[in-house]
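First the structure, in the form of structure tokens, and then the observations on it.
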Amino acid sequence: MERNAESFNRQSDSFPRRLVNRLASDGLLARGGRIWTREKLTYLEKYATAFMVAMAKKRGPGRWERLVYLDLLCGPGRDVDKETGQEFPGSPLIASSIKPQFDHLYLAEKNSKNIQALEKRISQKDKSRVTLITGDCNLIVDDVLKSISNRTLGLAFIDPEGFEVDFATLVKLARRQIDLLYLFPSGIGIRRNLRNFFSLPESPMDKFWGGNDWRDLPEAKRAAGTAQTEDPQKIVQSLVSAFLQKLSAVGFKHQDEAAPLFKNTKNAQMYHLLFLSHSEVGLKIWQGIKKIPPSGQRSLPGI
């Protein structure tokens, strides 16, 4: 089922744009991917699988009614590596292939052409458990959550390109029994733009951060030149910690303080993959997944 909602674009020119005009081998639109794209999707696949293995046996009377997946910026379902041209499934197709299966998948995207491509890629056997939504994630999140009962446990994957996701949208997810994997634009987005944002009376950071209190952060003052400079890596990590504290304050009870960091081929910091949950079990599962990075090489203690 497809629904329509008004959408808007608050994409920053400072972000690496996804190449949505590429075509995959099936002749349909594909999203441009890079090295960190495959890394984040590997984490998603591993956690979604562990989540379903752990929770599928807890469905039933007096337990969870349904286990669902939410992907509010889902894309066309297929990615193409910019450097190699290799194709790989995007987050919605990964989620639809997880075993045991999610009871339902809510897949949203404001680009209608991406939704059209995704609809053609979803297998016939999965269509009955998939809801496709065309619209801005901040506008359609209420309708999605209305479709989910209080006896539903969910996993949300929120993968913005820039500052598309309002903090208010994350607050709404925090009020429900939903685990959240959120790609936080710590390096390429926030740190690189802090100086410009500080000079604007109304900044894209305000809705993204959930207020203008980000201006009081030492990192913002350093970027504006009103405080002593700091190591860029420390600035990025302190931004992550401050954002996690805000999410904790609005309802998420457990979080990963040492979130995986993705870098580009020039070793520049790009994104952190934040994990938040209402359950200590969810956090333990995530921490176990995180011990083996996408490369397959287990991290050593203290690394």
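Since every read-out is calculated from the coordinates, none of them should be taken as a lab result. Predicted model only: the values in this text are computed from it and were never measured. Note: ideal-geometry Cβ built from the backbone for every residue, glycine included; neighbour counts use all protein chains shown.
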Computed ³J(HN,Hα) along segment 69-83: with the Karplus parameters 6.51/-1.76/1.60, θ = phi - 60°, integer Hz and x for glycine or proline, the list is 10, 10, 9, 8, 9, 6, x, x, x, 9, 10, 10, 5, 4, 7
Least to most buried among Trp214, Trp64, by other C-beta atoms within 10 Å and fewest first, runs Trp64, Trp214
Checked against the positive end of the charge dipole of segment 118-264 (+1 on Cβ of Lys and Arg, -1 on Cβ of Asp and Glu, about the Cα centre), the farthest of Ser203, Gly135, Ala242 is Gly135
Sorted by chain and number, the residues with a modelled amide H under 5 Å from that of Asp179, at a separation of 5 or more or across chains, are Gly154, Leu155, Ala156
HN-Hα couplings for segment 84-92 via Karplus (6.51, -1.76, 1.60; θ = phi - 60°), in whole Hz with x for Gly/Pro, come out as 9, x, 6, 9, 7, x, x, 4, x
Working note, the chain: Cα radius of gyration (Å, one decimal) and Dmax (Å, whole number) are 18.8, 59
In a Gaussian network model of the chain with springs linking alpha carbons closer than 10 Å, the residue among Leu107, Leu180, Leu28 that fluctuates most is Leu28
Of all lysine pairs in segment 97-191 that are eight or more residues apart or on different chains, those with Cα atoms under 24 Å apart total 11
Taking Cα atoms only, helix 232-249 is inclined relative to the longest principal axis of the chain by an angle, in degrees rounded to 10, of 50
A chain fully extended from Ser112 to Val281 at 0.36 nm per residue, minus the present Cα-Cα distance, gains in nm 57.2 nm
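When only Cα pairs under 8 Å and 6 or more residues apart are kept, what is the percent relative contact order across segment 231-285?
Relative contact order for segment 231-285 comes out at 30 percent.
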Within the chain, the percent of DSSP beta bridges that are antiparallel, given to the nearest 5, stands at 35
In nm², the average projected area of the convex hull spanned by the Cα atoms of segment 64-143 is 6.2
Per GNM of the chain with C-alpha springs under 10 angstrom, the most fluctuating residue out of Ser147, Ser203, Ser186 is Ser147
For segment 126-195, averaging the sequence separation of alpha carbon pairs under 8 Å that lie six or more residues apart and dividing by its residue count, the contact order in percent is 36
The residues His278, His272, sorted from fewest to most surrounding Cβ atoms within 10 Å, come out as His278, His272
Ranked on Cβ counts within 10 Å of their own Cβ, fewest leading, Asp179, Asp136 go Asp136, Asp179
Expected max-MSF residue from Phe197, Phe275, Phe102 in the GNM of the chain (alpha carbon, under 10 Å) is Phe197
Tilt, helix 112-121 to longest principal axis of the chain (alpha-carbon atoms), in degrees rounded to tens, equals 40
Tilt, helix 35-55 to longest principal axis of the chain (alpha-carbon atoms), in degrees rounded to tens, equals 50
Segment 147-229: spread of alpha-carbon positions along the three principal axes, whole Å, largest first, is 49, 20, 19
Evaluated at 20 °C and 1.002 mPa s, the Stokes-Einstein D of segment 39-96 based on the Kirkwood radius over Cα pairs, in µm²/s, stands at 163
